[in-house]
Amino acid sequence: MIRENQKWLNYAMVLIDMLVISLSLAISWWMRFKTTIFGPIGGHLPIQSYLFFLIFVVIPVYIILYFSFGLYKPRRTYRTIFSEANQIIKVNIVAFVVLVAILFVLNQPDFSRIMLFL
């Protein structure tokens, strides 16, 4: 019973992570291209390009990295909350580097790296 509930909890965590990643990208797109917080607004790719990249690259990269760094293991396997926070920071740094590398390989110079960093 506990293992079955843990399985459903893991599914819920993955779905919540996907939602948070999507909302984060939408908010960072708005901050980068609809405000002047990060400098003047120049020409930029349409939101559809970013959504395509989000669905087919960003979300899978993050979910795979979360699994590989063990963030979906049961809570009882972590010693402290600081070790989990440390893992989350590591995942985000690695994911940023991986996403920038993917953009380099795909030859996408117009894609905003600042937006990915946000």
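Residues in the stretch 1-31 that are β-branched (Val, Ile, Thr) and either under 17 Å from the mean Cα position of the chain (by Cα) or within 17 Å of residue 46 (Cα to Cα) (or both): 14, 16, 20, 21, 27.
Filter the stretch 22-38 down to residues that are more than 23 Å from residue 65 (Cα to Cα) and free of Cβ contacts under 8 Å to residues at least 40 places away in the same chain and give me whichever is surrounded by the most Cβ atoms within 10 Å (Cβ to Cβ). Lay out the reasoning, then the answer.
First, pick out the residues of the stretch 22-38 that are more than 23 Å from residue 65 (Cα to Cα): 30-38.
Add one more test, that the residue is free of Cβ contacts under 8 Å to residues at least 40 places away in the same chain, and what stays is 30, 34-37.
Details: 30: 13, 34: 9, 35: 9, 36: 7, 37: 8.
If we take residues in the stretch 22-38 being more than 23 Å from residue 65 (Cα to Cα) and free of Cβ contacts under 8 Å to residues at least 40 places away in the same chain, then 30 is surrounded by the most Cβ atoms within 10 Å (Cβ to Cβ).
Please find, within the stretch 69-103, the residue that is nearest to residue 15 (Cα to Cα) out of those that are aromatic (Phe, Trp, Tyr), surrounded by 12 or more Cβ atoms within 10 Å (Cβ to Cβ) and at pLDDT 85 or above. Taking the candidates together, the pick is 69.
Yes or no, residue by residue, for (1) in a helix (DSSP H, G or I); (2) at pLDDT 90 or above; (3) exposed (fewer than 11 other Cβ atoms within 10 Å of the Cβ):
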{"position": "16", "(1), (2), (3)": "yes, yes, yes"}
{"position": "20", "(1), (2), (3)": "yes, yes, no"}
{"position": "44", "(1), (2), (3)": "no, no, no"}
{"position": "50", "(1), (2), (3)": "yes, no, no"}
{"position": "54", "(1), (2), (3)": "yes, no, no"}
{"position": "108", "(1), (2), (3)": "no, no, no"}
{"position": "116", "(1), (2), (3)": "yes, no, no"}
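The values are calculated or read from the model by the stated rules, or taken from the named source; none is laboratory data. Remember, it's a predicted structure, so these values are computed and weren't measured experimentally. Note that we place each Cβ from the backbone using ideal geometry, even for glycine, and neighbour counts take in every protein chain shown.
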